[in-house]
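Here is the structure we will look at.
The values are calculated or read from the model by the stated rules, or taken from the named source; none is laboratory data. Small disclaimer: the values here were computed from a predicted structure and weren't measured. Positions of Cβ are backbone-derived with ideal geometry, glycine not excepted, and every protein chain shown enters the neighbour counts.
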């Protein structure tokens, strides 16, 4: 992961991989070890919350190639909701139900799992799933702490598994058009990338502990996280605010824009220095354990910079977008948003160049990204957000948060994947897992 390529090399490799993927799809391909591709990819859904609806919508229209075999969630109401959606819009046969993902891993007929649980469950489910021979689509971020990323990479290689992170803009039509312009050198060599999350947020006042909803297996919901009494904020929707389960704003919406920043820079290494500042601007009294505003700068070994900003006070965004990027090149710059738009400005007078924002606005890549995963499952081809790509993006979430929680400015060794002379920070690269949950013993 320490080897570096230029942006043009990176984009060229991405284009070649997409071409290989398209050719393999056209030819029909083969499954692992030369066996024929399955007539239908049997998929299990693990985590039936809100985002999973978007993933299942990515399957609609492909029911000739996919069947949903299982629904898994510790909350039976979420399974009921997803089952009604699946049997209404996707397939007539109801999937099997379970609160235990282990039931799915024991089913040898399941080809792939889509994992959209809270972050603290991503690696503890994905690692044994790959060991059981399942390919995995993991909602972003694939890791809750830094050291889970290399474990997922190693497991994918060891077990010859397909992995896709839910970084849907990697498959968006607007990304494809922007990539062509960057590859052609429209704005020169990209030296700096800026990523932001600029959305107003609701202040969630602290609530007293209580009892979990009827039927919910709350101990299993906690899983590898520390045992504690049920609190409404530490559950559906708002669990992202707490370090035991989520990664705050930078790991929720921010990871999408960090991922596109690494894409625009053509980065395939870790940063060598991280500087982070943050605090509370508007959300005083907020129940969250994370800052509501944050600024992180990542410096890479070749001197290029990536800057992330999170501001909760703007309803107008930055450059008109609540989430977005700017790629600053040697001859111009590109404003890019995962909302499905980009614009370019060339030369010392910032002369407007090619733009995209009408036909493709709102094309955020969900169905294309799921199609890319399913094609990779059938044909054993690379995904666009493979575990190496995913780890480099997720690492920025973890490194930025660690810098914020410790010294504010940290040096990092990209080869050793350790902080330099800061054991306090190195301890935060991993975490403790509550037994009997957690990572497989051989991970």
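The table that follows gives values for the structure above.
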item	result
Selection within the range 84-97 - surrounded by fewer than 18 Cβ atoms within 10 Å (Cβ to Cβ) and in contact (Cβ under 8 Å) with a residue 12 or more places away in the chain	85, 89, 91, 93, 96, 97
Check on residue 363, on the phi < 0 side of the Ramachandran plot and in contact with a helix residue (DSSP H, G or I) (Cβ under 6 Å, 6 or more places away or on another chain)	yes
Subset of the range 114-150 (residues that are within 16 Å of residue 397 (Cα to Cα) and in a loop (DSSP other than H, G, I, E, B))	118, 139, 140, 141, 142, 143, 144, 145, 146, 147
Leading residue by the ranking (surrounded by the fewest Cβ atoms within 10 Å (Cβ to Cβ)) among those in the range 401-442 that are in contact with a helix residue (DSSP H, G or I) (Cβ under 6 Å, 6 or more places away or on another chain) and free of Cβ contacts under 8 Å to residues at least 24 places away in the same chain	418
Helices (runs of 4 or more DSSP H) within the range 180-285 that include 1 or more residues touching a helix residue (DSSP H, G or I) at 6+ places or on another chain (Cβ under 7 Å) and closer than 23 Å to residue 394 by Cβ	248-252, 254-265
Residue match in the range 94-113 (condition: within 23 Å of residue 397 (Cβ to Cβ), in contact with a helix residue (DSSP H, G or I) (Cβ under 7 Å, 6 or more places away or on another chain) and not in a helix (DSSP H, G or I))	yes
Some residue of the range 307-328 being farther than 30 Å from residue 282 by Cβ and touching a helix residue (DSSP H, G or I) at 6+ places or on another chain (Cβ under 9 Å)	no
Test: residue in the range 57-66 that is modelled with pLDDT under 95, at negative phi, touching a strand residue (DSSP E or B) at 6+ places or on another chain (Cβ under 7 Å) and surrounded by fewer than 20 Cβ atoms within 10 Å (Cβ to Cβ)	yes
Residue within the range 295-309 that is within 24 Å of the chain's Cα centre (by Cα), at pLDDT below 90 and farther than 24 Å from residue 268 by Cβ present	no
Checklist (1) under 20 Å from residue 125 (Cα atoms); (2) out of contact with any helix residue (DSSP H, G or I) (no Cβ under 9 Å at 6 or more places or on another chain) applied to residue 69, failing item	(2)
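Each row is one residue, and each column tells you yes or no for (1) buried (at least 22 other Cβ atoms within 10 Å of the Cβ); (2) touching a residue at least 40 places away in the same chain (Cβ under 8 Å); (3) not assigned by TED's automatic domain parsing to the domain that holds residue 56.
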site: 283; (1), (2), (3): no, yes, yes
site: 287; (1), (2), (3): no, yes, yes
site: 309; (1), (2), (3): no, yes, yes
site: 318; (1), (2), (3): no, yes, yes
site: 339; (1), (2), (3): no, no, yes
site: 353; (1), (2), (3): no, yes, yes
site: 357; (1), (2), (3): no, no, yes
site: 374; (1), (2), (3): yes, yes, yes
site: 377; (1), (2), (3): yes, yes, yes
